[in-house]
Amino acid sequence: MFSPAADGILSALLSPLFMTIGFFIWDARWTGSGGSAFALNMYKCIAASSIFVVMCFLRGFAIDDPSASSSSSFTRENVGYLVLSSTLGIIIGDVLWLEGLRLLGPKRVIVIDSVRPFGAALLGWVVLDEALGPAAFGGMALTVAGVGIVAWEEGMTEDDDAMTTTTAATRGNVVPTTRPVDRRRDDDDVGRRTADGLGGIDSLDGKEGAVVVAPRPDDTARVSLSADENSVVENDGDNRDGDGDSAGRGRRRRGYACTIVNVFADSAGSLLTKMHGGGMTTWSINLIRFGYAGVVLGGYRRR
């Protein structure tokens, strides 16, 4: 329908779009269900292989040029390197990629994934001696700089949020609240709370009929008083907001590490595919790569 160049440009534009849609679908349906990256990658490979089998038969099975011989394309060397490409880019790379999605969420993974095409182009320039002009290198530099700025700003925001949370916690394990009181019983309330060990200091906050209850700094309980409830005591022993504590930071580090390693593994797999997939159709190349990955992952899971 289009020229080969137009087909390539259209594919390059649509691929990130579909990948981004898949990100959010997987994050919404898979992360919430507690599924593992390994299992999802296995199911993805099996489903994709089934589609590629159908497309291979519909498109004349495997050869891009009908006049060419299949023996010149499906050599042991070419198939072997496609298997290696599958190992790097799908078995290892995609498992790390999906694990990064689980740890970081789709938005952060998409930012890091924007570097992937430039990594593949750089490898092609180094290994295959493909020509890259100043504009290509400038685009790579701008993309990497943009990703770095976004990551830096995000880290600064998270640090500020963590500092705010820590400061609020160290100033007392309670956020003072107000409740309506009977002013005629102020003196009795003060004496009773002091005798009960709360040791709080009651003072009028300037509003008619309201008193501020501030527990001692060493009090480990958070007292929340409202008009609807007399008191709700919550344990303030740990911070469950994973983005502000050391556990949340460790989770993000693992997610970033998985996603960055995936970029390199996938770029290496793409390079091997380009070097040894010549003469084959897109469907047959992906059938070999995803079919092999599905068999390996499925066999390992059955052990």
Open item on the list: To make sure I understand, if each residue's beta carbon is the centre and we count other beta carbons within 10 Å, what order do E99, E130, E77 fall in, fewest to most?
Closed with: E77, E130, E99
Open item on the list: 5 Å is the cut-off here: which amide hydrogens, built 1.01 Å from N in the peptide plane, fall below it relative to M280, excluding neighbours closer than 5 in sequence?
Closed with: D64
Open item on the list: Once you place label points 7 Å from the Cα toward the Cβ at I9 and A131, how far apart are they in nm?
Closed with: 1.8
Open item on the list: Using a Förster radius of 45 Å, what is the FRET efficiency between S246 and I21 based on their Cβ-Cβ separation? Nearest 0.05, please.
Closed with: 0.85
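Sort L123, L297 so that the residue with the fewest other Cβ atoms within 10 Å of its own Cβ comes first and the one with the most comes last.
Lowest count first: L123, L297.
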TODO: Rank the residues W26, W125, W283, W97 as a footprinting-exposure proxy: fewest other Cβ atoms within 10 Å of their Cβ go first.
DONE: W125, W26, W283, W97
Task: Förster radius 45 Å - calculated FRET efficiency between E77 and V54, Cβ distance, rounded to 0.05 - done: 0.95
- [ ] Enumerate the residues in region 84-115 having an amide nitrogen under 17 Å from the point lying 7 Å beyond the Cα of M275 toward its Cβ.
- [x] 84-90
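Quick note: the coordinates plus some simple rules give every number you see, no bench work behind them. These numbers were taken from a predicted model, which means no experiment stands behind them. Because the Cβ atoms are built from the backbone with ideal geometry, glycine has one as well, and the counts that use them run over all protein chains shown.
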